[in-house]
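A.B. asks: Sharing a structure, written as C-alpha cells. Questions coming.
The values are calculated or read from the model by the stated rules, or taken from the named source; none is laboratory data. Model, not experiment: these values are computed from the prediction. Positions of Cβ are backbone-derived with ideal geometry, glycine not excepted, and every protein chain shown enters the neighbour counts. The protein model used for the area step is the full one, side chains on, heavy atoms only, and it has no ligands, DNA or RNA in it. Shrake-Rupley method; radii C 1.70, N 1.55, O 1.52, S 1.80 Å.
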Amino acid sequence: MMFEGEIHTGSVTQSVAMDCVDGAGQTLSLDADLGYSTTDPYAVTTTFHTGGGDVIWTFARDLLIRGLTSPSGDGDVHVWPCLDASGQAVVIVELNSPDGELLVQIPTKDVYRFVNRTLSAVPLGSEGDYLDLDALINQLMAA
C-alpha cells in the first residue's frame with residue numbers, strides 16, 4: 001500500500017489539488033497525482049482523476065524542474081512560474097494535444113516538495129545510472 005508522498009521501491013508519488021484554468025480565467029479544482037519512478041528516471045507523470053477515468057501525461061522531469069523558476073518547454077508541454085488570482089505562487093503546466101489543451105496551476109510549494117523528493121531518489125545528472133538498458137531494449141523489441 002502506498003501513502004501520499006511516500007518514496008517506495010524507487011518511486012515517488014504525491015497527491016496534489018490542481019486548478020484547471022479556462023480561457024476566461026475561471027478555475028475548477030481537479031485532484032491529481034504527481035509520479036516519478038527510477039525505472040524511467042528522466043520522466044515524471046501527472047495522473048488527472050476525472051469522472052471519465054484517469055488521464056496520464058508523461059513529460060521530462062527536467063522540464064518541471066526548470067519550470068519552477070523560468071518558462072520552459074516547447075512542443076506539447078510548457079511549464080512556468082506564476083502567481084494565482086490571490087497572489088499565491090503557483091506553477092503553470094500547459095498541456096497540448098490534438099484533442100485540445102489543458103492549463104493547470106499547482107501550488108509551487110507542492111511542486112518543490114515533489115521535485116526535491118525525486119532528486120533525493122535520483123540526483124540530477126545521475127539518471128543514466130538507473131536505466132536498465134537490457135530491459136529497455138527488450139521492451140522496445142516486444143513493441
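A.B. asks: I'd like the Karplus ³J(HN,Hα) series for region 38-55: coefficients 6.51, -1.76, 1.60, θ = phi - 60°, whole numbers in Hz, and an x wherever there's a Gly or Pro.
C.D. replies: 5, 6, 9, x, 8, 10, 10, 10, 10, 10, 8, 9, 10, x, x, x, 7, 10
A.B. asks: Let me ask another. If you roll a 1.4 angstrom probe over the protein chains with everything in place, what fraction of the accessible area of the chain belongs to carbon and sulfur, to the nearest %?
C.D. replies: 55 percent
A.B. asks: Please list, by residue number, every one of the chymotrypsin sites (Phe, Trp or Tyr not before Pro) in region 56-143 that is coil in DSSP and has at most 12 other beta-carbon atoms within 10 Å.
C.D. replies: For chymotrypsin sites (Phe, Trp or Tyr not before Pro) across region 56-143 that sit outside H, G, I, E and B with at most 12 neighbouring Cβ atoms in 10 Å, the list is empty.
A.B. asks: Please find, in a Gaussian network model of the chain (springs between Cα atoms separated by less than 10 Å), the residue of ASP19, ASP129, ASP110 whose mean-square fluctuation is greatest.
C.D. replies: Ranking ASP19, ASP129, ASP110 by mean-square fluctuation puts ASP129 first.
A.B. asks: Now for a different question. How much FRET efficiency would the formula 1/(1 + (r/R0)^6) give for SER86 and CYS20, where r is the Cβ-Cβ distance and R0 is 25 Å, rounded to 0.05?
C.D. replies: That gives a FRET efficiency of 0.95.
A.B. asks: For a test of the definition: using alpha carbon positions, the gyration tensor, and the 1.5 limit on a/c, classify region 77-143 as rounded, prolate or oblate. Please report the intermediate quantities before stating the final value.
C.D. replies: Working: a/c = 4.41, a/b = 1.58, b/c = 2.79.
It comes out oblate by the Cα gyration axes.
A.B. asks: I would also like to ask the following. Looking at the square roots a ≥ b ≥ c of the eigenvalues of the Cα gyration tensor of region 34-96, which shape do they give, rounded for a/c under 1.5, prolate if a/b is larger than b/c, or oblate?
C.D. replies: The shape class here is oblate.
A.B. asks: Here's a follow-up. What label, among [x] 7.9; [y] 10.1; [z] 9.5, belongs to mean projected area of the Cα convex hull in nm² computed from the structure on display?
C.D. replies: Recomputing mean projected area of the Cα convex hull in nm² here picks out [y].
A.B. asks: Can you work out the FRET efficiency for the pair LEU68 and LEU28, with r the C-beta to C-beta distance and R0 = 35 Å, to the nearest 0.05?
C.D. replies: Using R0 = 35 Å, I get an efficiency of 0.90.
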